[in-house]
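Asks: Below you will find the structure I want to go over with you.
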Amino acid sequence: MDQDELRMLEALVERHPEGMDASAIREGVEFEGGERTLQRRLNRLAEEGRIVKRGRGRGTRYFPAEGSKASAEISSEEWPSYLSREGKDIARLVRRPVSERTPVGYGLELLQSYTPNVTMYLSGEARGALAEMGRVGLEALPAGTYLRQVIDRLLIDLSWNSSRLEGNTYSLLDTQRLLERGEAVEGKDAEETQMILNHKAAIEMLADDAEEIGFNRYTVCNLHALLSENLLPDPMAGGRLRSRPVGIGASVFEPLQVPQQIEESFDLMLTKAEAVLDPFEQALFIMVHLPYLQPFDDVNKRLSRLAANIPLVQRNLCPLSFVDVDREVYTLGILGVYELGRIELLHDVFVWAYQRSCARYSAIRQSLGQPDPFRLRYREALGDFVREIVKTGMDKKQASNWIGRKVEAEIRAKDRERFRELVETELGSLHEGNTARYRIPPGDFKAWMKIWTSF
């Protein structure tokens, strides 16, 4: 097989983080072979972890491999300010080309050496700060009380953000329409729609069974079954520990492969997680160890993000919705655990993500410190977008399409995803008490709200 052709195809896909289908790839390169030859080349790249293949049949699209050098959008000079020195060091190490990283297997000692309530991934100061932010005054009420109060918003936020971290291309408004009205976006891959609907089902399980959930096989396996429904090649694999080898694309990490060892490590992980007393330590522990063990055929990272909410739901703390979490930084944090056995970068992401989630659901936004530089940079553009949507009376579908076109034309490429999220979040947060900051007359707002909230 011609390696030059493979490198050419890989480079083309890496220049398109939004994904490409086979016809777009053919148009983007000088490829002399037929359709079947091109398909074989793309399949080969996907098998080697050099690109990511999603969807089936005509809906198949190809994406840059997570963690690949060419797909990285953050330069070493642009690391988020919340990353520690150790976190940045990890990020630099796992961003190197795969050929420069040392292959490594699962290190059971990371789990074995963890002693609940003695070993601590979070400092006492960090745990105290997170607890202060996360309290909503409902600690004495039955588990799940607060989750049920914010369930409508959390279903959208957590379903969208967790799916986005997997490369799902639904927008926030698209997700809202799907979950509220059952309206799938035309042209989107069915797998993306299914992924979001599965998140909704899993979150509803956390709410409905709040007093029974815990770090036990019943909870974790059933969460996996809900999150993986209709997404795995083997329909019997949902909620069942894997018995076959799996690989990690664009990584030198080799997960544990022996079924008996997987089962023993899974039970040990749950026992230790359940024994941890601090809810935030529990949440970070499961975000580290569940993806690292890879106990299921797939969907392990999604499962870890939902499972991280178990202790928060149990204690009526603010949920963790992963709002504003950068996909690349999160992925690098996971790779740091996989390849280096180090948690500092994922720790940084977790702490910052919980702060952002608290700001989303609580009246403690001042705890986040200085104003967001990104929001300041796009303050005028944000106001223009919001005013135009309200002034012209767009509904959710019209707004989603218009925002997509407008962002493509006016916002620089690396900021488009976050800016779009910012606009859609502001639209969902508009009420009579905050329209003045966008210079929206009360009459225009009331007329728009009738359209926005109509079915």
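The values are calculated or read from the model by the stated rules, or taken from the named source; none is laboratory data. Predicted, not measured: the structure shown is a model, and the values here were computed from it. Backbone-built Cβ (ideal geometry, glycine too); neighbour counts: all protein chains shown.
Asks: Restricting attention to helices (runs of 4 or more DSSP H) lying wholly within the stretch 144-251, give those where 3 or more residues are touching a residue at least 60 places away in the same chain (Cβ under 8 Å) and among the small types (Gly, Ala, Ser).
Replies: Helices (runs of 4 or more DSSP H) meeting the threshold: 190-208.
Asks: Additional query: All but one of (1) out of contact with any Lys or Arg (no Cβ under 6 Å at 6 or more places or on another chain); (2) over 21 Å from Arg153 (Cβ atoms) hold for Leu382, so report the exception by its number.
Replies: (2)
Asks: Say we look at the stretch 252-266 and pick out the residues that are of a type in the set (A, V, I, L, M, F, W, C) and in a helix (DSSP H, G or I); which of these is farthest from Arg50 (Cα to Cα)?
Replies: Per the criteria, the residue is Phe266.
Asks: Another one. Starting from residues that are surrounded by 15 or more Cβ atoms within 10 Å (Cβ to Cβ) and of a type in the set (Asp, Glu), keep the ones in the stretch 417-439 and report whichever is nearest to Arg177 (Cα to Cα).
Replies: Going through the qualifying residues, I end up with Glu424.
Asks: Starting from residues that are in a helix (DSSP H, G or I) and free of Cβ contacts under 8 Å to residues at least 12 places away in the same chain, keep the ones in the stretch 399-416 and report whichever is surrounded by the fewest Cβ atoms within 10 Å (Cβ to Cβ).
Replies: Ala409
Asks: Are there any pairs with C-beta distances below 9 angstrom linking a residue in the stretch 120-137 that is over 20 Å from Tyr361 (Cβ atoms) and modelled with pLDDT of 95 or more to a residue that is among the hydroxyl-bearing types (Ser, Thr, Tyr) and buried (at least 17 other Cβ atoms within 10 Å of the Cβ), with the two at least 6 apart or on different chains, and if so which?
Replies: Between residues of the stretch 120-137 that are over 20 Å from Tyr361 (Cβ atoms) and modelled with pLDDT of 95 or more and residues that are among the hydroxyl-bearing types (Ser, Thr, Tyr) and buried (at least 17 other Cβ atoms within 10 Å of the Cβ), the close pairs are Tyr121/Tyr114.
Asks: Tell me which residues, restricted to the stretch 95-119, are touching a residue at least 60 places away in the same chain (Cβ under 8 Å) and farther than 18 Å from Met287 by Cα.
Replies: Of everything in the stretch 95-119, those that are touching a residue at least 60 places away in the same chain (Cβ under 8 Å) and farther than 18 Å from Met287 by Cα turn out to be Arg95, Val98, Arg101, Thr102, Pro103, Val104, Gly105.
Asks: Would you kindly identify the helices (runs of 4 or more DSSP H) lying entirely within the stretch 267-339 that contain at least 1 residues that are of a type in the set (Val, Ile, Thr) and surrounded by 23 or more Cβ atoms within 10 Å (Cβ to Cβ)?
Replies: It comes to 279-293, 310-314, 327-335.
Asks: May I pose another question? Quick one: in the stretch 66-94, of everything that is within 25 Å of Leu45 (Cα to Cα) and modelled with pLDDT of 90 or more, which residue is surrounded by the fewest Cβ atoms within 10 Å (Cβ to Cβ)?
Replies: Looking at the filtered set, the residue picked out is Arg92.
Asks: Quick check on Tyr361: is it surrounded by 15 or more Cβ atoms within 10 Å (Cβ to Cβ), over 23 Å from the mean Cα position of the chain (by Cα) and of a type in the set (Ser, Thr, Tyr)?
Replies: Here the answer is no, as Tyr361 does not meet what is asked.
Asks: If the Cβ limit is 6 Å and pairs must be 6+ apart or interchain, which residue in the stretch 361-383 that is not assigned by TED's automatic domain parsing to the domain that holds Arg148 and among the aromatic types (Phe, Trp, Tyr) pairs with which residue that is at pLDDT 55 or above and buried (at least 16 other Cβ atoms within 10 Å of the Cβ)?
Replies: Tyr378/Phe419
Asks: Same structure, new question: Among the candidates Pro255, Pro259, Pro279, single out the residue that is touching a Lys or Arg at 6+ places or on another chain (Cβ under 7 Å), assigned by TED's automatic domain parsing to the domain that holds Glu344, modelled with pLDDT of 95 or more and of a type outside the set (D, E, K, R).
Replies: Matching residue, one of Pro255, Pro259, Pro279: Pro279.
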